[in-house]
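The values are calculated or read from the model by the stated rules, or taken from the named source; none is laboratory data. Bear in mind the structure is a predicted one, so any value in this text is a computation, not a measurement. Note that each Cβ is placed from the backbone with ideal geometry, even for glycine, and that neighbours are counted across all protein chains shown. Calculation scope for accessible area: heavy atoms of the full protein, side chains included, ligands and nucleic acids excluded. Shrake-Rupley method; radii C 1.70, N 1.55, O 1.52, S 1.80 Å.
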Amino acid sequence: MKKYTKRPEPDKAEIEKRRESIDAIIDKYSCPPDDMEDRDRYFMRAAAELAELAAKYDDVPVGCVIVRDGSILTGDCNSKEFFRNPVNHAEINAIGKASEKLGGWRLTRCELYVTLEPCPMCAGAIWAARIPRVVIGAKDPKHGAYGSVLDMNGYNLNHMPDVVFGVMEDECSQMLKDFFAFKRNKKEDSSAGDEESAT
């Protein structure tokens, strides 16, 4: 059985710093262009910056923004490692914030932009929130729930969002590749150091 080393919980200062960083990214993207194609890339860039923030906190770089009436309502990034919670995916975090901000669970006038294809859990939350449009950067061949592994829109559900793939796909995919390459190299360097100390 794999043994886990318990990490210390983030303190209030760390949580506040993370929140301020997220707010700063969202504020940076407060004036979107009128053209739809540029608009999708614009909002995906905001999601990508949030993904980069996740990586700084040792979380898999996935970012998400929720857009309402042409501007960002809220956004967040993956924080499973930061908060030590398996459900803290970027989409779950952002949907929760949007519902709280609007005072209701129906996000029917919203669009969700996310750098990585949602997993089944997040696709379920998108369905539950009745989000009508989902824009995705990179596909997820291991967990993707909009066609890569399973397709939530292929079931006879009472709501199916329009799904757009491939917005900034190369950039979103490369960010993930770079993150996991860094983690592998770090692990190899650590193993090499352990071997040297044992000799």
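For Lys139, which aspartates and glutamates qualify as cross-link partners when the Cα separation must be under 17 Å and same-chain residues fewer than eight apart are set aside?
Asp40, Glu91, Glu117, Asp151, Asp162, Glu169, Asp170, Glu171, Asp178
Calculate, in nm to one decimal, what Arg68 and Lys187 gain on full extension: separation in residues at 0.36 nm each, minus their alpha carbon distance. Show your work: numbers first, answer last.
Working: separation 119, 0.36 × 119 = 42.84 nm, distance 4.15 nm.
Length gained, Arg68 through Lys187: 38.7 nm.
Hey, what did the range 65-108 get for relative contact order, percent, Cα under 8 Å, at least 6 apart? Before the final figure, lay out each step's value.
Details: 49 pairs, mean separation 13.6, N = 44.
The value is 31 percent.
For Ser21 and Val149, what does the FRET efficiency come to when R0 = 35 Å and r is the distance between their Cβ atoms, rounded to the nearest 0.05? Don't skip to the end; give the middle numbers.
Working: r = 31 Å, r/R0 = 0.90.
With a Förster radius of 35 Å, E is 0.65.
Using only alpha-carbon positions, what ratio does the radius of gyration of the range 78-190 give when scaled by 2.2 N^0.38 Å?
On the way: Rg = 15.2 Å, N = 113, 2.2 N^0.38 = 13.3 Å.
So the range 78-190 has a normalised radius of gyration of 1.15.
Determine the dipole magnitude for the chain: charges of +1 sit on the beta-carbon of Lys and Arg, -1 on that of Asp and Glu, nothing else is charged, the reference point is the Cα centre, and the result goes in debye to the nearest 20. Walk me through the numbers before you get to the answer.
Values: 29 positive and 35 negative charges, 159 e Å.
About 760 debye.
If you take every residue apart from Leu157 with its C-beta less than 12 Å away from the C-beta of Leu157, what net charge results, scoring Lys and Arg +1 and Asp and Glu -1?
Numbers: positive: Arg130; negative: Asp151.
Cβ neighbours under 12 Å give a net charge of 0.
Within 10 Å, count the other beta carbons around each residue, average over each peptide in 175-186, 50-61, 8-19, 106-117, and list them highest first.
Details: 175-186: 13.2, 50-61: 20.4, 8-19: 11.7, 106-117: 23.6.
The peptides rank, most packed first, as 106-117, 50-61, 175-186, 8-19.
Any idea how far the Cα center of the range 44-73 sits from the one of the range 110-164, in Å?
Going from one Cα centre to the other spans 16 Å.
At a Förster distance of 25 Å, what's the computed FRET efficiency of Val164 paired with Asp34, Cβ-Cβ distance as r, to 0.05?
Values: r = 18 Å, r/R0 = 0.72.
Given R0 = 25 Å and the Cβ-Cβ separation, E is 0.90.
Using a 1.4 Å probe, what is the accessible area per residue for the chain, in Å²?
On the way: 11470 Å² over 199 residues.
Value returned for the chain: 58 Å² of accessible area per residue.
Convert 37 °C to kelvin, take the viscosity as 0.692 mPa s, use the Kirkwood radius over C-alpha pairs of the chain as Rh, and evaluate the Stokes-Einstein diffusion coefficient in µm²/s, rounded to a whole number.
Values: Rh = 17.6 Å.
D, rounded to a whole number, is 186 µm²/s.
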